[in-house]
Amino acid sequence: APSDLAARVEDPLVLWDRRGLLRAALAEGLARYPSPDLQWIEDRIWVWTHYIAGKVARGEILEATDGLAYLRSRVLGPLALQGAGARPNGLRRVERLVPEAAAAIASAVPRPDGPDCLRALRDTLALYARLRDAAPGPLERREAAEREARAWLEEIAAAWQRAGPH
């Protein structure tokens, strides 16, 4: 509908517009690909960390690998691409556009076992912290949540070293 065209990610090619309604609707806004919302991510990353570590603690390794994939495609990739001035579209073209970040993101791909999922989660958080600290704009860091989530992660890692999943 013409009313849906003001907010869009790219400009379409109008082939036929008898009354000029589409062109008028397109003139009401600019095409803009949405940027990652760093505050939204910061407000949630520590909950996601707790969730993924908990999955590992229960031996739900495939669930943990799925959570890590989410963080790569919705957090690491978009922040790395945005930092390079590219369209922050998941992991699309990250190897070509931001090869140094692509190598770090690749290290966050775990083997399907508990200890490696925990290692990948640590790598994910290290890269997130670098990308977060390099991002422009104001950010309210959730330091207490970060401390608690990291402590939980280390508690799970220690439990795996002692006895495996529980």
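The values are calculated or read from the model by the stated rules, or taken from the named source; none is laboratory data. What you are looking at is a predicted structure, and each value in this text was computed from that prediction instead of being measured. What goes into the accessible areas is simple: the full protein's heavy atoms, side chains included, and nothing from ligands, DNA or RNA. Shrake-Rupley method; radii C 1.70, N 1.55, O 1.52, S 1.80 Å.
Remarks
- Under 5 Å between amide hydrogens, built in the peptide plane, is the criterion, and for R8 it picks out R32 among residues at least 5 positions away or on other chains.
- Rounded accessible area per residue of the chain, 1.4 Å, Å²: 59 Å²
- Of the solvent-accessible surface of the chain, computed with a 1.4 Å probe and all protein chains present, 55% belongs to carbon and sulfur.
- Helix-only CD estimate at 222 nm, as mean residue ellipticity for the chain, using -39500 (n - 2.57) per DSSP H run (n ≥ 4): -18500 deg cm²/dmol
- Calculated on the Cα set of the range 40-86, radius of gyration then Dmax: 12.2, 40 Å.
- Alpha-carbon Debye profile of the range 1-97, log10 I(q)/I(0) at 0.14 Å⁻¹: -0.71
- Annotation: Cα Rg of the range 113-166 relative to the compact-globule expectation 2.2 N^0.38 Å equals 1.36.
- Translational diffusion of the chain was estimated from the Stokes-Einstein equation, with Rh taken as the Kirkwood radius over Cα pairs; at 20 °C and 1.002 mPa s the coefficient is 120 µm²/s.
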